[in-house]
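Colleague: Quick one: this structure, given as structure tokens, is what I'll be asking you about.
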Amino acid sequence: QVQLVESGGGLVQAGGSLRLSCAASGRTFNSYVMAWFRQAPGKEREFVAAISRNGASTHYADSVKGRFTISRDNAKNTVYLQMNSLKPEDTAVYYCAARPYVINTDRTTYGYWGQGTQVTVSS
């Protein structure tokens, strides 16, 4: 069992940066693949990025590759999403999620979710 709490969202101008954090409860954080998803109004929740249990492997959606970086600190039970060169189309609620074993981009395979944090990018 793991509980996830996101923070770091806000309003930023296009071209700016934000860093999201997701703090996890429990003593087995390093047992979980961690991922970020996002959901814009009227759209389905989509995969953004994921990181393996030990942080050695990452995977990104094409739309954020080269602009976003996912990382984790297992000592702090926290996963991060550094977002640079933000665009208005990045505006969404960003969710942290966890699943066991290996990276997967399918949101239905993630059993643990945070409450989400709003990111708004103005043009």
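No lab work stands behind these numbers, since they all come straight from the coordinates. Just so it is clear, the structure is predicted and the values come from calculations on it, not from any experiment. Cβ placement follows ideal geometry from the backbone for every residue including glycine, while neighbour counts extend to all protein chains displayed.
Colleague: If we restrict to alpha carbons, what Rg and Dmax does the stretch 1-44 come to, in Å?
Modeller: So, for the stretch 1-44, Rg and Dmax equal 13.6, 38 Å respectively.
Colleague: Additional query: Return the whole-Å distance between the Cα centroid of the stretch 42-57 and the Cα centroid of the stretch 62-110.
Modeller: Centre-to-centre distance over Cα atoms comes out at 4 Å.
Colleague: Within a Cβ distance under 15 Å of Ser63, other residues only, what is the Lys/Arg minus Asp/Glu net charge?
Modeller: Working: positive: Arg38, Lys43, Arg45, Lys65, Arg67, Lys87; negative: Glu44, Glu46, Asp62, Glu89, Asp90.
So the environment of Ser63 carries a net charge of +1.
Colleague: Same structure, new question: Taking K and R as +1 and D and E as -1, what net charge do the other residues with C-beta under 13 Å from the C-beta of Ser17 add up to?
Modeller: Numbers: positive: Arg19, Arg67, Lys87; negative: Asp90.
Counting the neighbours of Ser17, the net charge comes to +2.
Colleague: Hey, which lysines would be in cross-link range of Lys87, C-alpha to C-alpha under 23 Å, not counting anything within fewer than 8 residues on its own chain?
Modeller: Result set, ordered by chain and number: Lys43, Lys65.
Colleague: Taking the Cα centre of the chain as origin, work out the dipole magnitude from +1 charges on Lys and Arg Cβ and -1 charges on Asp and Glu Cβ, in debye rounded to 20.
Modeller: Taking the Cα centre of the chain as origin, the dipole is about 240 debye.
Colleague: Here's a follow-up. For the pair Asn74 and Asn54, how long in nm is the line joining their label points, each one 7 Å along Cα→Cβ?
Modeller: Here the modelled spin labels are 0.7 nm apart.
Colleague: If you count the DSSP beta bridges with both ends in the stretch 1-122, what percent of them are antiparallel, to the nearest 5? Walk me through the intermediate numbers first.
Modeller: On the way: 37 of 41 bridges.
Rounded to the nearest five, the antiparallel share is 90 percent.
Colleague: What does the convex hull of the alpha-carbon atoms of the chain project to on average, in nm²?
Modeller: Projected area, direction-averaged: 6.7 nm².
Colleague: Less than 12 Å Cβ to Cβ from Val121, Lys/Arg counted +1 and Asp/Glu -1: what total charge do the surrounding residues give?
Modeller: That sum, taken over residues with Cβ under 12 Å, equals +1.
Colleague: To continue, here is another question. Using a Gaussian network for the chain with springs between C-alpha atoms less than 10 Å apart, which of these wobbles most: Ala61, Ala23, Ala75?
Modeller: In this elastic network of the chain, the residue with the biggest mean-square fluctuation among Ala61, Ala23, Ala75 is Ala75.
Colleague: If I model a spin label as a point 7 Å beyond the Cα along the Cα-Cβ vector, how far apart are those points for Val102 and Glu89 in nm?
Modeller: Here the answer is 3.0 nm between the modelled labels.
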